[in-house]
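Report on the following structure.
The values are calculated or read from the model by the stated rules, or taken from the named source; none is laboratory data. What you see is a predicted model, and the numbers here were worked out from it, not measured in a lab. Note: ideal-geometry Cβ built from the backbone for every residue, glycine included; neighbour counts use all protein chains shown.
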Amino acid sequence: MMDKVAVVGDVLMDLIIFMDKLHITSGSYSVNDYYFLPGGSSANYATALARLGIITFFIGKIGGDEFGRRLVDEFKKDGVNLDYAVIDAESKSSLALILIDKRMKRASLTYWKTYSSLKLEELDLSFLDQVKMLSISGYSFISNPMRSVTIQLIKLAKKSGKKIFLDPCPCLPRHGLNLLKKTLKYIDIITPNRNELVMLTNTKNLRASLIQLQRAGPKLVVAKLGSKGCIVNDEGKIMVVPPFDVKVVETGGAGDAFCAGLTMGLLRGLSSFEAATVANAMGALATTKVGSRTALPSLKELRDFLEARKNILGIENILAKLG
Ligand code: ADP
């Protein structure tokens, strides 16, 4: 059971389109470039964990179409375990159309019907006996039946002593958000970005929101701050963790990679500050190529990245603990 993680959530294909300006009304537009790549916040996170050598089960619904076959192939290539995933021959896979303009502004249009149609009776729950941690994406709260499946899984996992990791999402409908707030008492680790912190606590004051969120349940709150790195509230102890300096190409998936770094660090026995440093390294690396998974490193590549920065205080200790 040692290091195994079950990831429950979203999986889809991303069609990423680069264009000059995001202003779109009726008419035709020329675009500068496009990429068709696997995505989905939970699926990216599962992939990042598997590449880092953590045994990872993906629990979610994939369509039986051509896109679904690509999603399955990519998971298999990266070593994500699909023994408990649901492949629905009748459904088309979920899809996101992501528009990015020259100023890096993003808009996404998502067909999430397939992944969010997951029902409890479609799952073999024995994966819960095998894992140490259950990781949930806020996207699982977007709509039912996935929303209620997620809540039931959280309760079952909690009962059997699993750690629960939650990465919220920025676009929840009111009902989903209210349910997510009620679920916070079951969560051990939460990783909101700035917007999600405000959404969850109704305060724009960073420190106050970190304290409030920690009191609502999660012992460990790690807030993602984009190019500023992250800030940790570990049972009331607040620490700022500085970012790594990289040449940013495209930021999609940085948050997912960050969460995988944090998870791996905590599973390997790093302190919360050290695990958040690994998370910052993973997030920074993810921004160096187009696509959410393109720049996700293997453990060796992550080690090489840290090795090249071992003059930074604490990195040598982290490298020693990562083995
Ligand atoms: P989300 O995608 O969830 O909004 P962020 O954009 O905050 O998440 O990115 C997650 C993490 O990735 C950050 O906390 C940071 O560690 C890393 N990161 C993101 N953008 C940059 C950047 N420009 N330079 C260095 N690190 C970055």
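From the list L262, L266, pick out the single residue that is farther than 29 Å from I100 by Cβ, within 19 Å of the chain's Cα centre (by Cα) and in contact (Cβ under 8 Å) with a residue 12 or more places away in the chain.
Details: L262 fails: farther than 29 Å from I100 by Cβ.
From the options L262, L266, the qualifying one is L266.
Check whether at least one residue in segment 260-270 is modelled with pLDDT of 95 or more, under 20 Å from A50 (Cβ atoms), within 7 Å of the ligand (Cβ to nearest atom) and not hydroxyl-bearing (S, T, Y), and report yes or no.
no
Yes/no matrix, rows are residues, columns are (1) within 27 Å of K77 (Cα to Cα); (2) without any contact (Cβ under 8 Å) to a residue 40 or more places away in the chain:
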position: S272; (1), (2): no, no
position: N280; (1), (2): yes, no
position: T287; (1), (2): yes, no
position: S298; (1), (2): yes, no
position: E301; (1), (2): yes, yes
position: I312; (1), (2): no, yes
position: N317; (1), (2): no, no
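Is it true that G226 is surrounded by fewer than 19 Cβ atoms within 10 Å (Cβ to Cβ), in contact (Cβ under 8 Å) with a residue 24 or more places away in the chain and within 28 Å of M199 (Cα to Cα)?
Details: surrounded by fewer than 19 Cβ atoms within 10 Å (Cβ to Cβ): yes; in contact (Cβ under 8 Å) with a residue 24 or more places away in the chain: yes; within 28 Å of M199 (Cα to Cα): yes.
So G226 passes the test.
Output the residues belonging to segment 229-239 that are surrounded by 14 or more Cβ atoms within 10 Å (Cβ to Cβ) and not in a loop (DSSP other than H, G, I, E, B). Spell out the reasoning first.
So in segment 229-239, the residues surrounded by 14 or more Cβ atoms within 10 Å (Cβ to Cβ) come out as 229-234, 238-239.
Once the filter is applied, which keeps residues that are surrounded by 14 or more Cβ atoms within 10 Å (Cβ to Cβ) and not in a loop (DSSP other than H, G, I, E, B), segment 229-239 yields C230, I231, V232, N233, D234, I238, M239.
Would you confirm, using the coordinates I've provided, whether E274 is over 22 Å from I55 (Cα atoms) and part of a helix (DSSP H, G or I)? Steps first, answer last, please.
Details: over 22 Å from I55 (Cα atoms): no; part of a helix (DSSP H, G or I): yes.
Judged against the criteria, E274 is not a match.
For segment 113-140, which positions are surrounded by fewer than 19 Cβ atoms within 10 Å (Cβ to Cβ) and under 21 Å from A257 (Cβ atoms)?
Correct list: K132 only.
Applying the selection to segment 191-227, what residues are within 12 Å of the ligand (Cβ to nearest atom) and in contact with a Gly (Cβ under 9 Å, 6 or more places away or on another chain)?
T191, P192, N193, R194, E196, K224, G226
Checking the structure you have, find out if any residue of segment 294-308 is away from the ligand (no atom under 14 Å from the Cβ) and either at positive phi or hydroxyl-bearing (S, T, Y) (or both).
Yes, that holds for at least one residue.
Is segment 132-140 home to any residue that is among the hydrophobic types (A, V, I, L, M, F, W, C), touching a strand residue (DSSP E or B) at 6+ places or on another chain (Cβ under 6 Å) and within 16 Å of the ligand (Cβ to nearest atom)?
Yes, that holds for at least one residue.
Condition (residue is part of a helix (DSSP H, G or I), under 19 Å from the mean Cα position of the chain (by Cα) and touching a residue at least 40 places away in the same chain (Cβ under 8 Å)) applied to segment 200-211: is it met by at least one residue?
Residues of segment 200-211 that are part of a helix (DSSP H, G or I), as a first pass: 200-201, 206-211.
Checking which are under 19 Å from the mean Cα position of the chain (by Cα) leaves us with 200.
If we keep only those that are touching a residue at least 40 places away in the same chain (Cβ under 8 Å) as well, we get none.
No, that holds for no residue.
Check whether at least one residue in segment 230-238 is in contact with a strand residue (DSSP E or B) (Cβ under 9 Å, 6 or more places away or on another chain) and either near the ligand (Cβ under 10 Å from one of its atoms) or modelled with pLDDT under 95 (or both), and report yes or no. Step through it out loud before you land on a result.
The first filter runs over segment 230-238 and keeps only residues in contact with a strand residue (DSSP E or B) (Cβ under 9 Å, 6 or more places away or on another chain), leaving 230-235, 238.
Going one step further and asking which of them are either near the ligand (Cβ under 10 Å from one of its atoms) or modelled with pLDDT under 95 (or both), we end up with 230-231.
Yes; the residues of segment 230-238 include at least one that is in contact with a strand residue (DSSP E or B) (Cβ under 9 Å, 6 or more places away or on another chain) and either near the ligand (Cβ under 10 Å from one of its atoms) or modelled with pLDDT under 95 (or both).
Here's the yes/no breakdown for (1) surrounded by fewer than 21 Cβ atoms within 10 Å (Cβ to Cβ); (2) in contact with a Ser or Thr (Cβ under 9 Å, 6 or more places away or on another chain); (3) of a type in the set (G, A, S); (4) not in a helix (DSSP H, G or I):
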| residue | (1), (2), (3), (4) |
| --- | --- |
| A46 | no, yes, yes, no |
| F58 | no, yes, no, yes |
| G68 | no, yes, yes, no |
| S91 | yes, yes, yes, yes |
| L99 | yes, yes, no, yes |
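Using beta carbons and a limit of 6 Å, which pairs, at least six apart or on different chains, have the first residue in segment 42-61 and farther than 13 Å from D83 by Cβ and the second one of a type in the set (D, E, K, R) and assigned to a loop (DSSP other than H, G, I, E, B)?
From residues that are farther than 13 Å from D83 by Cβ, the pairs are S42/D10; N44/R293; T47/R293; I54/D3.
Could you tell me whether V246 is within 11 Å of the ligand (Cβ to nearest atom) and within 24 Å of F18 (Cα to Cα)?
On the way: within 11 Å of the ligand (Cβ to nearest atom): yes; within 24 Å of F18 (Cα to Cα): yes.
It is true that V246 is within 11 Å of the ligand (Cβ to nearest atom) and within 24 Å of F18 (Cα to Cα).
Let me spell it out: the conditions are (1) more than 7 Å from the ligand (Cβ to nearest atom); (2) of a type outside the set (F, W, Y); (3) surrounded by 24 or more Cβ atoms within 10 Å (Cβ to Cβ), and V290 meets all of them except one. Which number is the exception?
(3)
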